[in-house]
Amino acid sequence: MYQCKGIIPELRGTTVRLRKMSPRDADDLYQCWSDERTARYLYLPSMNGRHDAEALILLLNELSESEDSLRWGVEHLDSGIMIGSCGFNGWQIQGAFRGEFGCELASSYWGNGYMREAAAMALEYGFRVMGLNRVEAFSDIHNERGAEFFRKIGFEYEGILREYKHTSTGYIDVNIFSLLRRDWNRENISDQDIRG
């Protein structure tokens, strides 16, 4: 049965690489996480500088050690810039074989297929290595771009979860999407294999 144990493997695609985030990525990720367009639906604590991004990086890495999250940084291969992150915000193997996928990308990199490639590698890892059968994704009901992205990569819309999440502005409704292993095998959102 899959256990993360704090191991965040490197996965390499043609335009991006997924790898463990480190404090040296704090400047790049601060730019991403404080980007108004990117952060609009992230509901992160406000970022006041590099130190806040570094603290979040360390927290995300700690969550992988406690089996609560598996989050990769998304590095642009040509520039070496960390342009976002993606991964599993949680998972339950025993009795469910289910995980929750989440992602964000700096808005200056939108529309180039970078997150599509990153998601393909992460989902392949989830289905093949972690042994997941179902991957869920959630998005704010006002986040049309996020909903469109999940549909494009093969997720099915399942409905609205009312007041599912609590934010600094109160409770919000979220859309829930799912991708099943059998559908992923059929759709295979990318013909790209994981290359470590």
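Would you confirm whether any residue within segment 25-47 is within 26 Å of Phe177 (Cα to Cα), hydroxyl-bearing (Ser, Thr, Tyr) and surrounded by fewer than 16 Cβ atoms within 10 Å (Cβ to Cβ)?
Yes - at least one qualifying residue is present in segment 25-47.
If I go through segment 20-58 residue by residue, how many of them are over 22 Å from Gly146 (Cα atoms), outside any loop (DSSP other than H, G, I, E, B) and in contact (Cβ under 8 Å) with a residue 40 or more places away in the chain?
1
Does segment 32-42 contain any residue that is farther than 24 Å from Ile141 by Cα and at pLDDT 95 or above?
Within segment 32-42 (the criterion being farther than 24 Å from Ile141 by Cα and at pLDDT 95 or above), the answer is no, since none of the residues qualifies.
Pick from segment 59-82 the residues that are assigned to a loop (DSSP other than H, G, I, E, B) and among the small types (Gly, Ala, Ser): which of them is least open to solvent (accessible area, probe 1.4 Å)?
Ser69
Which residues, counting only those in segment 10-19, are in contact with a Lys or Arg (Cβ under 9 Å, 6 or more places away or on another chain), part of a loop (DSSP other than H, G, I, E, B) and open to solvent by 30 Å² or more (accessible area, probe 1.4 Å)? Steps first, answer last, please.
Our first condition is that a residue be in contact with a Lys or Arg (Cβ under 9 Å, 6 or more places away or on another chain); within segment 10-19, this holds for 10-13, 18-19.
Within this subset, residues satisfying the condition of being part of a loop (DSSP other than H, G, I, E, B) are 10, 13.
The one that is in contact with a Lys or Arg (Cβ under 9 Å, 6 or more places away or on another chain), part of a loop (DSSP other than H, G, I, E, B) and open to solvent by 30 Å² or more (accessible area, probe 1.4 Å): Glu10.
Could you please let me know if Gly146 is of a type in the set (Gly, Ala, Ser) and either closer than 28 Å to Met1 by Cα or out of contact with any Asp or Glu (no Cβ under 8 Å at 6 or more places or on another chain) (or both)? Don't jump to the end; show me each part of the working.
Values: of a type in the set (Gly, Ala, Ser): yes; either closer than 28 Å to Met1 by Cα or out of contact with any Asp or Glu (no Cβ under 8 Å at 6 or more places or on another chain) (or both): no.
Here the answer is no, as Gly146 does not meet what is asked.
Applying the selection to segment 20-51, what residues are on the phi > 0 side of the Ramachandran plot and among the β-branched types (Val, Ile, Thr)?
Scanning segment 20-51 gives no hits.
Identify, from the list Gly99, Gly13, the residue that is within 22 Å of Arg151 (Cα to Cα) and touching a Phe, Trp or Tyr at 6+ places or on another chain (Cβ under 7 Å).
Selected residue: Gly99, the only one of Gly99, Gly13 that is within 22 Å of Arg151 (Cα to Cα) and touching a Phe, Trp or Tyr at 6+ places or on another chain (Cβ under 7 Å).
Tally the residues that are within 17 Å of Gly13 (Cα to Cα) and not aromatic (Phe, Trp, Tyr), restricting the search to segment 60-101.
Number of matching residues: 16.
The values are calculated or read from the model by the stated rules, or taken from the named source; none is laboratory data. A quick note: this is a predicted structure, and the numbers were derived from the prediction, not measured. Cβ atoms come from the backbone with ideal geometry, glycine included; neighbour counts cover every protein chain shown. Areas reflect the complete protein model, heavy atoms only, side chains present, ligands, DNA and RNA absent. Shrake-Rupley method; radii C 1.70, N 1.55, O 1.52, S 1.80 Å.
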